[in-house]
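Contents: one structure, followed by commentary.
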Amino acid sequence: MKKYVVIIILVVIAIFIGNTLYRAGSFKSIKNHSELNDIKVYTSLAGPEDFDIDKENGWMFISATDRWKLARGEKGNDGIFLFYPEKNIAPRKLITTYSGEFHPHGISYLKKDGENYLFVINHNKEGSSVELFRYKNDTLFHLVSIKDKMMCCPNDLVAVDTDKFYVSNDHGKKKGLMRTLEDYLRLPNSYLLYFDGRQFSKVYDKLNYGNGVAVSNDKKTIYLTETTGSKISVFDRNPATGKLT
(Lines give C-alpha, C1' and ligand atoms only; values in the text may rest on other atoms or scores of the structure.)
Protein backbone atom coordinates (compact mmCIF):
# COMPACT_ATOMS: atom_id res chain seq x y z
CA MET A 1 0.00 0.00 0.00
CA LYS A 2 2.80 2.39 0.95
CA LYS A 3 4.48 1.67 -2.37
CA TYR A 4 1.40 2.79 -4.32
CA VAL A 5 1.08 5.92 -2.21
CA VAL A 6 4.69 6.84 -2.94
CA ILE A 7 4.16 6.21 -6.67
CA ILE A 8 1.05 8.38 -6.70
CA ILE A 9 2.88 11.19 -4.89
CA LEU A 10 5.81 11.00 -7.34
CA VAL A 11 3.43 11.05 -10.31
CA VAL A 12 1.62 14.10 -8.91
CA ILE A 13 4.95 15.88 -8.36
CA ALA A 14 6.10 15.00 -11.89
CA ILE A 15 2.85 16.32 -13.36
CA PHE A 16 3.14 19.53 -11.34
CA ILE A 17 6.75 20.11 -12.41
CA GLY A 18 5.86 19.34 -16.03
CA ASN A 19 2.98 21.80 -15.87
CA THR A 20 5.28 24.46 -14.41
CA LEU A 21 7.79 23.99 -17.25
CA TYR A 22 4.92 24.12 -19.75
CA ARG A 23 3.58 27.37 -18.30
CA ALA A 24 7.09 28.83 -18.43
CA GLY A 25 7.21 28.08 -22.16
CA SER A 26 9.83 25.32 -22.07
CA PHE A 27 7.98 23.17 -24.62
CA LYS A 28 6.64 25.96 -26.78
CA SER A 29 7.48 26.02 -30.46
CA ILE A 30 7.03 29.15 -32.55
CA LYS A 31 6.20 28.81 -36.22
CA ASN A 32 7.52 31.57 -38.43
CA HIS A 33 4.50 33.14 -40.13
CA SER A 34 5.99 36.50 -41.07
CA GLU A 35 5.57 37.76 -44.61
CA LEU A 36 8.61 40.01 -44.26
CA ASN A 37 11.44 39.31 -46.68
CA ASP A 38 14.16 41.72 -45.59
CA ILE A 39 15.26 39.92 -42.41
CA LYS A 40 18.77 40.40 -41.05
CA VAL A 41 20.58 38.20 -38.53
CA TYR A 42 23.39 39.68 -36.46
CA THR A 43 25.82 37.49 -34.52
CA SER A 44 28.11 40.18 -33.12
CA LEU A 45 26.81 39.77 -29.57
CA ALA A 46 26.09 36.75 -27.39
CA GLY A 47 23.26 36.51 -24.89
CA PRO A 48 21.15 39.55 -25.79
CA GLU A 49 18.74 40.04 -22.90
CA ASP A 50 16.86 43.32 -23.20
CA PHE A 51 16.59 46.33 -25.48
CA ASP A 52 15.16 49.82 -25.50
CA ILE A 53 14.63 52.15 -28.44
CA ASP A 54 14.90 55.90 -28.91
CA LYS A 55 12.65 56.55 -31.91
CA GLU A 56 13.79 60.16 -32.22
CA ASN A 57 17.43 59.24 -32.84
CA GLY A 58 16.70 55.85 -34.38
CA TRP A 59 19.00 53.92 -32.09
CA MET A 60 18.51 50.83 -29.95
CA PHE A 61 20.39 49.95 -26.77
CA ILE A 62 20.88 46.19 -26.26
CA SER A 63 22.15 44.49 -23.10
CA ALA A 64 24.12 41.29 -23.59
CA THR A 65 25.69 38.78 -21.21
CA ASP A 66 27.28 35.55 -22.45
CA ARG A 67 25.92 33.33 -19.67
CA TRP A 68 27.54 30.14 -20.98
CA LYS A 69 31.01 31.67 -20.67
CA LEU A 70 30.08 33.29 -17.37
CA ALA A 71 29.02 29.91 -15.94
CA ARG A 72 32.36 28.44 -17.00
CA GLY A 73 34.30 31.29 -15.42
CA GLU A 74 35.39 32.61 -18.82
CA LYS A 75 35.41 36.21 -19.97
CA GLY A 76 32.70 37.09 -22.47
CA ASN A 77 32.03 40.17 -24.56
CA ASP A 78 29.41 41.40 -22.09
CA GLY A 79 28.15 44.95 -22.21
CA ILE A 80 25.75 47.42 -23.78
CA PHE A 81 25.53 47.46 -27.56
CA LEU A 82 24.22 50.20 -29.84
CA PHE A 83 22.24 49.35 -32.94
CA TYR A 84 20.63 51.43 -35.68
CA PRO A 85 17.89 49.18 -37.14
CA GLU A 86 17.45 51.23 -40.31
CA LYS A 87 21.17 51.44 -41.17
CA ASN A 88 21.82 47.70 -41.53
CA ILE A 89 24.98 47.93 -39.45
CA ALA A 90 25.80 45.23 -36.90
CA PRO A 91 25.39 46.20 -33.21
CA ARG A 92 28.60 47.53 -31.68
CA LYS A 93 29.69 47.49 -28.07
CA LEU A 94 29.75 50.87 -26.34
CA ILE A 95 32.61 52.21 -24.25
CA THR A 96 31.71 52.66 -20.59
CA THR A 97 33.44 54.39 -17.70
CA TYR A 98 32.09 51.82 -15.23
CA SER A 99 35.10 50.18 -13.58
CA GLY A 100 33.49 47.12 -11.97
CA GLU A 101 32.53 43.69 -13.25
CA PHE A 102 29.70 44.26 -15.74
CA HIS A 103 27.10 41.67 -16.74
CA PRO A 104 23.99 43.62 -17.81
CA HIS A 105 20.45 42.27 -17.61
CA GLY A 106 17.33 44.46 -17.87
CA ILE A 107 17.74 48.04 -19.14
CA SER A 108 15.64 51.19 -19.43
CA TYR A 109 16.31 54.28 -21.55
CA LEU A 110 15.19 57.73 -20.42
CA LYS A 111 15.50 61.09 -22.14
CA LYS A 112 15.14 64.27 -20.06
CA ASP A 113 16.16 67.89 -20.63
CA GLY A 114 18.09 66.93 -23.76
CA GLU A 115 20.20 64.33 -21.95
CA ASN A 116 20.17 60.56 -22.57
CA TYR A 117 20.18 58.20 -19.60
CA LEU A 118 20.41 54.43 -19.43
CA PHE A 119 19.50 52.39 -16.33
CA VAL A 120 21.10 48.93 -16.28
CA ILE A 121 20.62 45.96 -13.94
CA ASN A 122 24.05 44.49 -13.30
CA HIS A 123 24.89 41.09 -11.79
CA ASN A 124 28.37 40.29 -10.53
CA LYS A 125 30.20 38.57 -7.68
CA GLU A 126 29.37 41.45 -5.32
CA GLY A 127 25.64 41.03 -5.93
CA SER A 128 23.07 42.86 -8.01
CA SER A 129 22.77 46.58 -8.59
CA VAL A 130 21.25 49.21 -10.81
CA GLU A 131 23.85 51.25 -12.67
CA LEU A 132 22.91 54.67 -14.03
CA PHE A 133 24.71 56.02 -17.10
CA ARG A 134 24.56 59.19 -19.18
CA TYR A 135 25.03 58.45 -22.88
CA LYS A 136 27.06 60.99 -24.82
CA ASN A 137 29.61 60.90 -27.65
CA ASP A 138 29.35 57.12 -28.09
CA THR A 139 30.23 56.57 -24.43
CA LEU A 140 28.24 55.48 -21.37
CA PHE A 141 29.40 57.71 -18.51
CA HIS A 142 28.74 56.03 -15.17
CA LEU A 143 26.90 58.23 -12.67
CA VAL A 144 25.89 56.09 -9.70
CA SER A 145 25.41 52.52 -8.41
CA ILE A 146 22.23 51.72 -6.51
CA LYS A 147 22.09 48.68 -4.23
CA ASP A 148 19.69 47.38 -1.60
CA LYS A 149 19.02 44.08 0.16
CA MET A 150 15.39 44.23 -1.04
CA MET A 151 16.69 43.93 -4.60
CA CYS A 152 17.74 40.30 -4.29
CA CYS A 153 16.91 39.07 -7.78
CA PRO A 154 16.34 42.00 -10.17
CA ASN A 155 15.23 41.07 -13.66
CA ASP A 156 13.87 44.12 -15.46
CA LEU A 157 13.33 47.78 -14.68
CA VAL A 158 11.71 50.89 -16.08
CA ALA A 159 12.80 54.45 -15.34
CA VAL A 160 10.21 57.18 -14.71
CA ASP A 161 12.72 59.93 -13.84
CA THR A 162 16.47 60.36 -13.55
CA ASP A 163 16.38 59.08 -9.96
CA LYS A 164 13.17 57.02 -9.90
CA PHE A 165 12.39 53.57 -11.30
CA TYR A 166 10.47 50.34 -10.86
CA VAL A 167 12.34 47.02 -10.77
CA SER A 168 11.00 43.46 -10.79
CA ASN A 169 12.44 40.77 -8.52
CA ASP A 170 11.83 37.48 -10.34
CA HIS A 171 12.25 35.48 -7.11
CA GLY A 172 11.76 36.05 -3.41
CA LYS A 173 15.05 34.33 -2.55
CA LYS A 174 18.40 34.65 -4.28
CA LYS A 175 19.42 31.01 -3.79
CA GLY A 176 18.81 27.89 -1.76
CA LEU A 177 15.97 25.42 -1.28
CA MET A 178 13.25 28.09 -1.09
CA ARG A 179 14.23 29.43 -4.50
CA THR A 180 14.02 25.93 -5.98
CA LEU A 181 10.64 25.32 -4.34
CA GLU A 182 9.48 28.70 -5.59
CA ASP A 183 10.24 27.62 -9.15
CA TYR A 184 8.72 24.15 -9.14
CA LEU A 185 5.82 24.74 -6.78
CA ARG A 186 5.02 28.10 -8.40
CA LEU A 187 5.09 29.91 -5.08
CA PRO A 188 4.09 33.57 -5.60
CA ASN A 189 7.08 35.12 -3.82
CA SER A 190 8.20 37.47 -6.55
CA TYR A 191 7.50 41.21 -6.26
CA LEU A 192 7.84 44.68 -7.78
CA LEU A 193 9.88 47.45 -6.15
CA TYR A 194 9.83 51.22 -6.54
CA PHE A 195 12.87 53.42 -5.93
CA ASP A 196 11.84 57.01 -5.13
CA GLY A 197 15.32 58.52 -5.25
CA ARG A 198 16.08 57.68 -1.63
CA GLN A 199 14.80 54.22 -0.78
CA PHE A 200 13.06 51.13 -2.11
CA SER A 201 9.51 50.10 -1.28
CA LYS A 202 7.46 47.08 -2.29
CA VAL A 203 4.54 48.25 -4.45
CA TYR A 204 3.16 44.88 -5.62
CA ASP A 205 3.82 41.31 -4.50
CA LYS A 206 2.62 37.72 -4.77
CA LEU A 207 3.91 37.39 -8.33
CA ASN A 208 4.79 34.18 -10.13
CA TYR A 209 8.21 35.06 -11.58
CA GLY A 210 7.76 38.80 -12.12
CA ASN A 211 9.61 39.73 -15.29
CA GLY A 212 9.23 42.52 -17.84
CA VAL A 213 8.05 45.94 -16.69
CA ALA A 214 7.21 48.97 -18.84
CA VAL A 215 5.61 52.41 -18.55
CA SER A 216 3.32 54.39 -20.84
CA ASN A 217 4.53 57.59 -22.50
CA ASP A 218 2.63 59.77 -20.04
CA LYS A 219 4.14 57.83 -17.10
CA LYS A 220 0.66 57.12 -15.68
CA THR A 221 0.38 53.40 -16.52
CA ILE A 222 2.67 50.51 -15.56
CA TYR A 223 2.69 47.13 -17.34
CA LEU A 224 4.08 44.05 -15.57
CA THR A 225 4.50 40.49 -16.83
CA GLU A 226 4.68 37.19 -14.93
CA THR A 227 6.47 34.30 -16.63
CA THR A 228 5.06 31.25 -14.83
CA GLY A 229 2.02 33.32 -13.88
CA SER A 230 1.30 33.64 -17.63
CA LYS A 231 -0.24 37.09 -17.42
CA ILE A 232 0.23 40.81 -17.91
CA SER A 233 -1.01 43.19 -15.22
CA VAL A 234 -1.85 46.84 -15.92
CA PHE A 235 -1.67 49.44 -13.14
CA ASP A 236 -2.68 53.05 -12.74
CA ARG A 237 0.33 54.92 -11.38
CA ASN A 238 0.31 57.87 -8.99
CA PRO A 239 3.13 60.08 -10.35
CA ALA A 240 3.50 61.89 -7.02
CA THR A 241 3.96 58.81 -4.82
CA GLY A 242 4.78 56.03 -7.28
CA LYS A 243 2.03 53.86 -5.81
CA LEU A 244 0.12 51.50 -8.09
CA THR A 245 -3.56 50.57 -8.31
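The values are calculated or read from the model by the stated rules, or taken from the named source; none is laboratory data. Since the structure is predicted, the reported quantities are computational estimates derived from the model, not experimental observations. Positions of Cβ are backbone-derived with ideal geometry, glycine not excepted, and every protein chain shown enters the neighbour counts. We work out accessible area using only protein heavy atoms, side chains counted, and drop any ligands, DNA or RNA first. Shrake-Rupley method; radii C 1.70, N 1.55, O 1.52, S 1.80 Å.
A few remarks follow.
- Sulfur and carbon atoms: percent of accessible area, the chain [1.4 Å]: 54 percent
- The sum of -39500 (n - 2.57) across all DSSP H runs of n ≥ 4, divided by the residue count of the chain, sets its helix-only mean residue ellipticity at 222 nm to -4500 deg cm²/dmol.
- Relative to one another, the C-alpha centroids of segment 139-170 and segment 88-104 are positioned 17 Å apart.
- The C-alpha atoms of the chain define a longest principal axis, and helix 2-23 lies at about 20 degrees to it.
- Two numbers describe the Cα atoms of segment 61-131: Rg and Dmax, which are 13.3, 43 Å.
- Relative contact order %, the chain, counting alpha carbon pairs below 8 Å whose residues are six or more apart: 11 percent
- Protection proxy ranking, highest mean first, for peptides 42-52, 231-241, 100-110, 61-71: 100-110, 61-71, 42-52, 231-241, where packing is the per-residue count of other beta-carbon atoms within 10 Å, averaged.
- Sequence-ordered 3J(HN,Hα) estimates for segment 55-65 from the Karplus curve with 6.51, -1.76 and 1.60 and θ = phi - 60° stand at 5, 5, 8, x, 10, 10, 8, 10, 8, 9, 9 Hz, glycine and proline given as x.
- Cα shape, segment 103-245, gyration tensor, a/c 1.5 rule: oblate
- Whole-number accessible area per residue in Å² for segment 179-245, which is evaluated in the context of all protein chains at 1.4 Å: 55 Å²
- Burial ranking of peptide ranges 27-35, 131-139 (average Cβ count within 10 Å, highest at the top): 131-139, 27-35
- For segment 49-166: accessible area per residue (Å², 1.4 Å): 51 Å²
- Anisotropy class of segment 194-245 from Cα gyration tensor, a/c 1.5 cut: oblate
- Listed candidates [x] 19.0; [y] 19.8; [z] 24.8 - label of the one calculated as Kirkwood radius over Cα pairs in Å: [y]
- Of the peptides 87-97, 113-123, 203-213, 179-189, the ranking by mean beta-carbon count within 10 Å, highest at the top, reads 203-213, 113-123, 179-189, 87-97.
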